[in-house]
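Here the structure comes first, spelled out in structure tokens, and everything after it is commentary.
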Amino acid sequence: MIKNKVLHSNIKAKRLIQILWAVEFVLFLSSIQKIYAGEYFHTFLITLTNISLVLVYVLAKQQKVQFAATFALSIMTIFATFFMWSHGGIYDPILLAYPCILIVASMVGNKSLFITLIVFMGLSVLLNTLSNYQGWYINEIDTNYIDSSITTLLIISLVSYISWMVYSDFHVLWNQLFDEHIQALASKRKIEKLIHHDILTGLPNRMMAHSIFKKSISKEHIKQTKVCLMFIDIDNFKQVNDGLGHKAGDELLKELSNRLSNEMQGEDFLCRFAGDEFVIILQSAKDEEIISQIALNIIKAIRAPFRYQNNELFCTCSIGISVFPNDGDDFDALIQNADTAMYHSKSIGGNSFHFFNTYMDRQGHNYIAVVTDLRNALKEGEFELYFQPQIDLLTQKIIGAEALIRWNHPKKGLIFPDSFIPQAEKSGLIVEIGEWVLQSACTSCKSFIELGFSEFSIAVNVSSQQLKRNNFAQTVHSALKNSNLPAKHLELEMTESLLIDNSVELKQTVTYLSDLGVSFSIDDFGTGYSNLSYLQEFEIEVLKIDRTFVKDIEHNPKNKALVTAIIQMAKGLSLRTVAEGVESEEVANLLKALQCDSGQGYHWSKVIPEKEFINLSTSNIASFTRNNPKSLLN
Ligand code: C2E
Ligand code: CA
Ligand code: CA
């Protein structure tokens, strides 16, 4: 605003100076004309006016524009008025100077100056007319035509010059205005697009979905067809985003939105609702069968592999479907119900779709209730650590244990982690729960060591959210310090997806803790990514072969080949191997033959409370033999 004012004032000063030069030039010519006509008094007056205008020039140069303009226009008006009165009155050509002065006033003066001048000029003309009419003062009509025509021509030239100036200013202003108008229109279009579209994928957003839905249901009343809302959530998006970084996450979202777009037909509408959530409005959904087919096509499209750098990723999605008007009569209600149905798909492992039903509605509120309950459980100390021994396959001795959390719910009894860890992760509570697990696991391990398990290590599961916290290293350090447990007895289990992210911070955390003596293992190995370069980049010591490969190793040659390859690769990289989910002696023996280092599973022990674990471990370790494998269980 201030900048504009300064600019405006500069232009005014420039114009005033240009006009002054023009006026002075005209006055100069006029003074020569007067000398020629022998009118020396008038020559003197014109010269005086010209000299005064030089003063105005100085003022304008000093940016005192308003003052200079008032001064200049007043002198010019007085000059013109004097000449009018002293010559031909209202018939004198000098009267042409009045409009010229008014044009200049409108350009460089202000409103009050303009009004003052117009009033003065009007009064002057009226008074002159009245004087001549009443005979109080009679003007002599100039009969010197040459003199009059020169004055007229000079004034016309001056007016033309000033008008040309007005025109060019107006022209510039007009062009500017036009450009600004075009820009404003473009910005408006851009803003409208931004308001209604998602920048990353270019898809319409939630807001647009809302208005499209409104239009569809108004049409629906006419056509009497159903409108269907599909809520799509990518199951393992967080893993990719946390594991490979936001860039990979963005690329994945773009790719997925393209795949979803390809599935759209006719008036179907796709939007990115939020994060990894998409919503589809099917405007011409005739029956459940067609809707189901569309959902299946979407599931298939999402499941296709996605390549990012050297990684091949696989995504699945969970879909929830609600139909207007059966499942709600406004957008929010339908979205909420589709979301509930989506959670239902997720709760059975994802990669599926469900239509909403009212039974789900009751379950839909489950998440909030669980999170509230979890928060309370932390406060009330309802969590308990259970342990599952890890056995050296060669010596059959317990060499460690995995700490696994349980929730002793006052009303619901014992709850297993699969039923609350996802909610704890989603709500962020996993960080506090994880701290509790670390602290308790270290304390228990210390007490095991004091009981005589000297070469014993405790394995603690760590979720990505915990590890990515800035203070994770500090948390581990404090847990070790508080429990007085030497770091070499602690092993942290992470999933592969977590380590795909080779961020500097993560590397620093792992290096810092490794230097301290903490070891790291890869949990559920084999279920994650195909690129194994992270094994060399991070200080990993143990691979835990996922139980899905171990379970039927004796009957499934594919799994056997896979487990063999994992063990051999681990040997090559000097990593230890732990086979998870060992449920039978045959499997244990086969693993031993394949040179797997250790095992964990129901064959030796279920996941048991601390007291039971101590009893099991302090009893004859030799009981874990081929002949009597389960004698120490329960
Ligand atoms: P996980 O880390 O893969 O833990 C092993 C799971 O396999 C345990 O389930 C255990 O009960 C089960 N298991 C052990 N041996 C056998 C067997 O021979 N056969 C079969 N079929 N299953 C066996 P659990 O305790 O229910 O834990 C489930 C998952 O919950 C864990 O999987 C882990 O990912 C997570 N979890 C458990 N405790 C914690 C924790 O303190 N923090 C975090 N972040 N996650 C945890
Ligand atoms: Ca684990
Ligand atoms: Ca595992």
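The values are calculated or read from the model by the stated rules, or taken from the named source; none is laboratory data. What you see is a predicted model, and the numbers here were worked out from it, not measured in a lab. As a convention, Cβ positions derive from the backbone with ideal geometry for all residues, glycine included, and neighbour counts pool all protein chains shown. The area values use the complete protein model at the heavy-atom level, side chains included, leaving out ligands, DNA and RNA. Shrake-Rupley method; radii C 1.70, N 1.55, O 1.52, S 1.80 Å.
Of all residues in the range 584-605 being open to solvent by 30 Å² or more (accessible area, probe 1.4 Å) and in contact with a helix residue (DSSP H, G or I) (Cβ under 9 Å, 6 or more places away or on another chain), which is nearest to F453 (Cα to Cα)?
Checking each candidate, the answer is D597.
Under 9 Å between Cβ atoms, at least 6 apart or on separate chains: pull out the pairs that start in the range 164-183 with a residue that is not assigned by TED's automatic domain parsing to the domain that holds I11 and end on any residue that is surrounded by 10 or more Cβ atoms within 10 Å (Cβ to Cβ).
Final answer for the pair search is none.
So which pairs qualify, if the first residue must be in the range 569-590 and without any contact (Cβ under 8 Å) to a residue 60 or more places away in the chain, the second must be basic (K, R) and open to solvent by less than 60 Å² (accessible area, probe 1.4 Å), the Cβ gap must be under 7 Å, and the two must be at least 6 apart or on different chains?
Filtered contacts from the range 569-590: E580/K544.
Kindly establish whether N326 is under 20 Å from K215 (Cβ atoms) and either buried (at least 19 other Cβ atoms within 10 Å of the Cβ) or in the same structural domain as G275 (by TED's automatic domain parsing) (or both).
Working: under 20 Å from K215 (Cβ atoms): yes; either buried (at least 19 other Cβ atoms within 10 Å of the Cβ) or in the same structural domain as G275 (by TED's automatic domain parsing) (or both): yes.
Yes.
Does I399 satisfy the criteria of being surrounded by fewer than 20 Cβ atoms within 10 Å (Cβ to Cβ), within 12 Å of ligand 1 (Cβ to nearest atom), assigned by TED's automatic domain parsing to the domain that holds V587 and on the phi < 0 side of the Ramachandran plot? Break it down into steps so the answer makes sense when it comes.
Values: surrounded by fewer than 20 Cβ atoms within 10 Å (Cβ to Cβ): yes; within 12 Å of ligand 1 (Cβ to nearest atom): no; assigned by TED's automatic domain parsing to the domain that holds V587: yes; on the phi < 0 side of the Ramachandran plot: yes.
So I399 does not fit the description; no.
If T475 satisfies all but one of (1) more than 15 Å from ligand 1 (Cβ to nearest atom); (2) surrounded by 14 or more Cβ atoms within 10 Å (Cβ to Cβ), what's the number of the condition it fails?
(1)
Given the criteria touching a helix residue (DSSP H, G or I) at 6+ places or on another chain (Cβ under 9 Å) and in a helix (DSSP H, G or I), does A186 qualify? I'd like the intermediate steps shown before the answer.
Details: touching a helix residue (DSSP H, G or I) at 6+ places or on another chain (Cβ under 9 Å): no; in a helix (DSSP H, G or I): yes.
Taking the combined requirement at face value, the residue does not satisfy it.
Of all residues in the range 479-511, which are in contact with a helix residue (DSSP H, G or I) (Cβ under 8 Å, 6 or more places away or on another chain), hydroxyl-bearing (S, T, Y) and more than 12 Å from A441 (Cβ to Cβ)?
Within the range 479-511, T495, S497, T509 qualify.
Would you confirm whether or not the range 109-130 contains a residue that is assigned by TED's automatic domain parsing to the domain that holds L16, surrounded by 12 or more Cβ atoms within 10 Å (Cβ to Cβ) and not in a helix (DSSP H, G or I)?
yes
Would you mention how many residues in the range 68-87 are more than 60 Å from the chain's Cα centre (by Cα) and either closer than 14 Å to I46 by Cα or modelled with pLDDT of 90 or more (or both)? If you could, list the steps in order and put the result at the bottom.
Residues of the range 68-87 that are more than 60 Å from the chain's Cα centre (by Cα), as a first pass: 74-87.
Then drop every residue that is not either closer than 14 Å to I46 by Cα or modelled with pLDDT of 90 or more (or both), which leaves 74-86.
Residues that pass the stated criteria total 13.
Just wondering, is there one or more residues in the range 517-524 that are in contact with a helix residue (DSSP H, G or I) (Cβ under 9 Å, 6 or more places away or on another chain), touching a residue at least 60 places away in the same chain (Cβ under 8 Å), under 25 Å from R307 (Cα atoms) and within 16 Å of ligand 2 (Cβ to nearest atom)? Steps first, please.
Of the range 517-524, the ones in contact with a helix residue (DSSP H, G or I) (Cβ under 9 Å, 6 or more places away or on another chain) are 517-520, 522-524.
Retained after the next criterion (residues that are touching a residue at least 60 places away in the same chain (Cβ under 8 Å)): 519, 523.
This time we only want the ones that are under 25 Å from R307 (Cα atoms), so: 523.
Checking the rest, the ones that are also within 16 Å of ligand 2 (Cβ to nearest atom) come to 523.
Among the residues of the range 517-524, at least one is in contact with a helix residue (DSSP H, G or I) (Cβ under 9 Å, 6 or more places away or on another chain), touching a residue at least 60 places away in the same chain (Cβ under 8 Å), under 25 Å from R307 (Cα atoms) and within 16 Å of ligand 2 (Cβ to nearest atom), which makes the answer yes.
Which of (1) in a helix (DSSP H, G or I); (2) exposed (fewer than 12 other Cβ atoms within 10 Å of the Cβ) does T143 not meet, given it meets every other one?
(1)
Show me the helices (runs of 4 or more DSSP H) found entirely inside the range 522-583 where at least 2 residues are assigned by TED's automatic domain parsing to the domain that holds G601, open to solvent by 10 Å² or more (accessible area, probe 1.4 Å) and within 16 Å of ligand 3 (Cβ to nearest atom). Walk me through it before giving the result.
Values: elements: 534-537, 547-550, 557-572.
Because the criterion is at least 2 residues that are assigned by TED's automatic domain parsing to the domain that holds G601, open to solvent by 10 Å² or more (accessible area, probe 1.4 Å) and within 16 Å of ligand 3 (Cβ to nearest atom), the helices (runs of 4 or more DSSP H) in the range 522-583 that meet it are 547-550, 557-572.
What number goes with the only condition from (1) modelled with pLDDT of 95 or more; (2) more than 16 Å from ligand 2 (Cβ to nearest atom) that C445 does not pass?
Exception for C445: condition (2).
Among the residues that make up the range 201-220, is at least one of them modelled with pLDDT of 80 or more, over 28 Å from P325 (Cα atoms) and either surrounded by 10 or more Cβ atoms within 10 Å (Cβ to Cβ) or in contact with a Ser or Thr (Cβ under 8 Å, 6 or more places away or on another chain) (or both)?
Yes, the range 201-220 has at least one match.
Given the structure, is L414 buried (at least 17 other Cβ atoms within 10 Å of the Cβ) and assigned by TED's automatic domain parsing to the domain that holds K606? Walk me through how you get there before you give the answer.
Values: buried (at least 17 other Cβ atoms within 10 Å of the Cβ): no; assigned by TED's automatic domain parsing to the domain that holds K606: yes.
The answer is no for L414.
Is it the case that R406 is charged (D, E, K, R) and within 28 Å of I449 (Cβ to Cβ)?
Working: charged (D, E, K, R): yes; within 28 Å of I449 (Cβ to Cβ): yes.
It is true that R406 is charged (D, E, K, R) and within 28 Å of I449 (Cβ to Cβ).
Out of all the residues in the range 455-467, which are at pLDDT 85 or above and open to solvent by 20 Å² or more (accessible area, probe 1.4 Å)?
Of everything in the range 455-467, those that are at pLDDT 85 or above and open to solvent by 20 Å² or more (accessible area, probe 1.4 Å) turn out to be E455, S457, N461.
Could you say whether any residue in the range 534-545 is at pLDDT 90 or above, within 12 Å of ligand 1 (Cβ to nearest atom), under 33 Å from the mean Cα position of the chain (by Cα) and at negative phi?
No; the residues of the range 534-545 include none that is at pLDDT 90 or above, within 12 Å of ligand 1 (Cβ to nearest atom), under 33 Å from the mean Cα position of the chain (by Cα) and at negative phi.
State all residues of the range 383-396 that are open to solvent by less than 20 Å² (accessible area, probe 1.4 Å) and either β-branched (V, I, T) or more than 9 Å from ligand 1 (Cβ to nearest atom) (or both); if no residue qualifies, say none. Quick ask: steps written out before the conclusion?
Step one: list which residues in the range 383-396 are open to solvent by less than 20 Å² (accessible area, probe 1.4 Å), which gives 383, 385, 387-391, 393.
Result: F387, P389, Q390, I391, L393.
Which one is nearest to ligand 3 (Cβ to nearest atom), of the residues in the range 488-506 that are open to solvent by less than 20 Å² (accessible area, probe 1.4 Å) and in a helix (DSSP H, G or I)? Even if it seems obvious, please write down each step before you answer.
Filtering the range 488-506 for residues open to solvent by less than 20 Å² (accessible area, probe 1.4 Å) gives 489-494, 496-499, 506.
Now drop any that are not in a helix (DSSP H, G or I), which leaves 489, 496-499, 506.
Numbers: H489: 20, E496: 11, S497: 13, L498: 13, L499: 15, L506: 20 Å.
That would be E496.
Go through the residues of the range 166-183 one by one and say whether even a single one is closer than 27 Å to L16 by Cα, in contact with a helix residue (DSSP H, G or I) (Cβ under 7 Å, 6 or more places away or on another chain) and of a type outside the set (S, T, Y).
Yes, the conditions are met somewhere in the range 166-183.
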